[in-house]
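Notes to accompany the following structure.
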Amino acid sequence: MSIRTGAGRPGWMVGSIVALALAGAAGTIGFGDWMKPPEARPVPVRGAPAIRGSMVADLAAPPFVPAPIARSYATEMVVNLEVIEKEMEIADGTRYGFWTFGGTVPGSFIRVREGDRVVFNLSNASDSEVPHNIDLHAVTGPGGGAAASITLPGQRSSFEFAALNPGLYVYHCAMPGAVGTHIANGMYGLILVEPREGLPRVDREFYLMQGDFYTAGGFGEKGLQKFDFAKAVKEDPEYVVFNGRVGSLAADRALQVEQGGTVRLFVGNGGPNLSSSFHVIGEVFDNVYREAGTVATHNVQTTMIPAGGAAIVEFRVEVAGDFHFVDHAIFRATQKGALGTIRVAGAEEISLFRGESGPMDH
């Protein structure tokens, strides 16, 4: 039986995965002990630390993330992000006019360190049709930067903020009077503020975001599809997908990991409307940072992620094979596209699982 132990680190209560033989062990651990709530603590007073140097942030397109931060000090981190309006496939043979941060849905993954001074430069491509801005949930300041970043086509805006709170945060467009439309067209992403002491090492990290899309045509209808505002208001999407497309992380685009390795998924939900019941079929999450907070829970089957929220899940892949991740509001997976695959390369491990595999066409 596996349990997790707190590692005594400040901030992120992650710890290492250890095996404990409970039978005959002194001081048997009861289930109730695991369920005790974390200790309450006072609301902290946060301030910006001294800054050393300056560097340009290395952004990454989904499903990948920038490398973990190795430095032990706060710096000025310059983030350059461009808004691009472009047509892309939302399903085979079906195109949609996406509005994007960095040319992808979700937008580029941003990774900074707790205490960094972030200089955020938002540009809007010259061929865009409308203004855009950005609200980062990691920002302590009015509108999360939205009012300071309204950017016309062909223009650029800048603002600065201190990354005070560690955690994983959603960012999205927040244009006045049209917030829902901009998000519904794919304008969201994630920013990770690593804690000062860093995150525990894992073998692979990936970036996923769920979103619901409202097309005039039905699911799978071919050709260029327009946004349907009435369906969005009724919260009746034709598509619920990971990373902006049906099959974006399936078949030859599946996430690749090695048997025995540890995996960390940064999972967000852009919405604009639906919550996600995130689940990996055939796996149990060893660590879950619910709502992307700084306290982990363990041995979790499915975790809820609200619209505009995120979670971090970690697990070890002990068995080889294909493991599908879904929104477990299951018709969204089987009928609307909320399904992807983690492909684990390795050998059969009959001590953990044994059985003949049949077809599993979800």
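The values are calculated or read from the model by the stated rules, or taken from the named source; none is laboratory data. Please read all numbers here as calculations on a predicted model, not as lab measurements. So basically every Cβ, Gly included, is an ideal-geometry build from the backbone, and we count neighbours across all protein chains shown. The accessibility values were calculated without ligands, DNA or RNA, using every heavy atom of the protein model including side chains. Shrake-Rupley method; radii C 1.70, N 1.55, O 1.52, S 1.80 Å.
Observations
- Among the residues listed as 152, 249, 164, the single one being of a type in the set (A, V, I, L, M, F, W, C) and closer than 18 Å to residue 109 by Cα: 249
- Lone qualifier among 298, 324 - being over 17 Å from the mean Cα position of the chain (by Cα), in contact (Cβ under 8 Å) with a residue 40 or more places away in the chain and open to solvent by 30 Å² or more (accessible area, probe 1.4 Å): 298
- At least 2 residues being farther than 16 Å from residue 267 by Cα and not hydrophobic (A, V, I, L, M, F, W, C) is the threshold, and among the strands (runs of 3 or more DSSP E) wholly inside region 289-341 those reaching it are 297-300, 321-327.
- Selection count, region 271-288, where residues are more than 12 Å from residue 338 (Cα to Cα), assigned to a strand (DSSP E or B) and open to solvent by 10 Å² or more (accessible area, probe 1.4 Å): 1
- Unique match (being in contact with a helix residue (DSSP H, G or I) (Cβ under 6 Å, 6 or more places away or on another chain) and not acidic (Asp, Glu)) among 307, 311, 345: 311
Results for (1) of a type in the set (A, V, I, L, M); (2) at pLDDT 95 or above; (3) touching a His at 6+ places or on another chain (Cβ under 8 Å), shown as yes or no for each residue.
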{"position": "243", "(1), (2), (3)": "no, yes, no"}
{"position": "246", "(1), (2), (3)": "yes, yes, no"}
{"position": "249", "(1), (2), (3)": "yes, yes, no"}
{"position": "253", "(1), (2), (3)": "no, yes, no"}
{"position": "257", "(1), (2), (3)": "yes, yes, no"}
{"position": "279", "(1), (2), (3)": "no, yes, yes"}
{"position": "293", "(1), (2), (3)": "no, no, no"}
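- Taken as a whole, region 321-334 holds at least one residue that is under 21 Å from residue 249 (Cα atoms), among the acidic types (Asp, Glu), modelled with pLDDT of 95 or more and in contact with a Lys or Arg (Cβ under 9 Å, 6 or more places away or on another chain).
- Being open to solvent by 40 Å² or more (accessible area, probe 1.4 Å) and on the phi < 0 side of the Ramachandran plot holds for only one residue in 225, 259, and it is 259.
- Evaluation of residue 210 against the conditions (1) touching a Ser or Thr at 6+ places or on another chain (Cβ under 8 Å); (2) buried (at least 22 other Cβ atoms within 10 Å of the Cβ); (3) part of a loop (DSSP other than H, G, I, E, B) shows that the sole unmet condition is (3).
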